[in-house]
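Quick note: the coordinates plus some simple rules give every number you see, no bench work behind them. This structure is a prediction, so every number in the text was calculated from the model and none was measured. Using ideal geometry, Cβ is built from the backbone for each residue, glycine included, and neighbour counts are taken over all protein chains shown.
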There are 2 protein chains.
Amino acid sequence: MTETALVLFSGGQDSTVCLAWALDRFAAVETIGFDYGQRHIVELACRGQIIDRLRGQFPAWAARLGPDHVLDLGILNTISETALTREVAIETGETGLPTTFVPGRNLVFLTFAGAVAYRRGARHLVGGMCETDFSGYPDCRDDSLKAMQIALNLGMDRRFVIHTPLMWIDKAATWAMAQALGGEALIDVIVEETHSCYHGVREKRHPWGYGCGQCPACELRARGWTGFQARP
Amino acid sequence: MTETALVLFSGGQDSTVCLAWALDRFAAVETIGFDYGQRHIVELACRGQIIDRLRGQFPAWAARLGPDHVLDLGILNTISETALTREVAIETGETGLPTTFVPGRNLVFLTFAGAVAYRRGARHLVGGMCETDFSGYPDCRDDSLKAMQIALNLGMDRRFVIHTPLMWIDKAATWAMAQALGGEALIDVIVEETHSCYHGVREKRHPWGYGCGQCPACELRARGWTGFQARP
């Protein structure tokens, strides 16, 4: 396609595969990241290295890769510090989401991505949201994203398309998508440079990458890798 | 109603009337404001004075008025500084919107208001958006706000209601609504304490308030006042 895409790129495995997916499809691709507090600093630090490696190892993609936009969203921490009323605190406990949870975080990301895409003349927004690995976050659901596309398009008087190539596939299929898009070279970029571990562990190397190997994110990633290796 | 409302309160005439409208209807009312750069500092400075006067002069409302939340949205300036591609620059010129325009600003406000409302247990969001005094901003349109309600509700797994009491009325009717809600005392608060002037002029006093009297915002306000005074 001759059009420009803006990829929501966190530096994690999913958004790296989405970036490759966009580079395979669109004439021009830009990236956007959001900086908000401690736990994501390791992930954000990976972003530049991933972009550098894609640029260095995939000449066709390098020609399409435009600027990276990083927005400071420290304000999300202000909101997560907003005192909860008792009613909501109870409800939150029941749904099992942590009280630091910022509801609708992905709606915030998409709205800012839409604003940047508007100014950059990009028609396509690409994100790694996924319903299959159920995260408990309603703002990752397909319905939410389709409603958001309509709200953005009406509110900005544009015709953006929100693409979510990982919405209905599992982590094993995400690894397979990476291999189909960029072969072993892309698998290696993902294993070496992307970060999922909740604890930010970079010391321990596994076949699927670095991480503590214990937290839910590591477990999910390891299970996906095992499924990918077991594919015929 | 026995429920809590969160009012998008900028300190301007429209959002002050919306705040009175909410105080007249809901058991508990909180306010939210957004701080983003120079032109709005006068307006933001008015917020505290307006809230203080409502609290002092309207005992029934004072009992319902909860905390005021102010969020730093300096990030909007970062986005408006994002270089425009040539294509968009031309389009923007044609629509007559300034290049500092942040598309979808009201979507950003509503998403953050939704996140704060979620944490505060508020079910109602109230905003002064209006189609009648056509501003050229698609994110003030009724369609955009209704789509946004659906996106917020799906994305946060809640049932918020977005109220826009000024959507279909003109500025004369907004003054009349203020009078119906709070009589001459509320009219006086709006004249004395709310700010509309684009140039931030506070030195010149008109029957309808302070301002340069020349800019589009002052003209709109003056015309509304004249229409209000001419009512039977």
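With label points defined 7 Å past Cα in the direction of Cβ, position A:ALA230 shows copy-to-copy spacings of 7.8 nm, given to one decimal and shortest first.
Counts of other chain beta carbons within 10 angstrom of each beta carbon in peptide B:156-162 average 3. Between A:HIS163 and A:LEU125, A:VAL126, A:GLY127, the built amide H atoms are under 5 Å apart, and every one of these is 5 or more places off in sequence or on another chain.
Relative to its residue count, the protein assembly as shown spans a Cα convex hull of 140 Å³ per residue.
Here chain B is scanned for GluC sites (Glu not before Pro) in DSSP loops (not H, G, I, E, B) that have at most 15 other Cβ atoms within 10 Å, and the longest stretch holding none of them is B:4-202. In the assembly of identical copies, A:GLU81 has its label point, taken 7 Å from Cα in the direction of the beta carbon, separated from the corresponding points by 2.3 nm (ascending, one decimal).
Scanning chain B for chymotrypsin sites (Phe, Trp or Tyr not before Pro) in DSSP loops with at most 14 other Cβ atoms within 10 Å, what's the longest stretch left with none? Please report the intermediate quantities before stating the final value.
Working: sites that count: B:PHE134, B:TRP168, B:TYR198.
Value returned for the longest uninterrupted segment is B:1-133.
Picking from B:SER196, B:SER144, B:SER15, which is most flexible by a Gaussian network model of chain B using Cα springs under 10 Å? Highest fluctuation of the listed residues: B:SER144. Each other copy holds its own label point for B:ARG55; taking that point as 7 Å from Cα along Cα to Cβ, the gaps run 5.2 nm, nearest first.
Counting only Cα atoms, segment B:97-191 measures 41, 37, 21 Å along its principal axes, largest extent leading.
Listing B:THR16, B:THR2 from fewest to most neighbouring C-beta atoms within 10 Å gives B:THR2, B:THR16. Legend: mean number of C-beta atoms from other chains within 10 angstrom of residue C-beta atoms, peptide B:142-149, equals 5. With respect to the axis relating copies A and B by rotation, the chain A residue whose beta carbon is closest, plus that distance in Å, is A:ALA151, 2.
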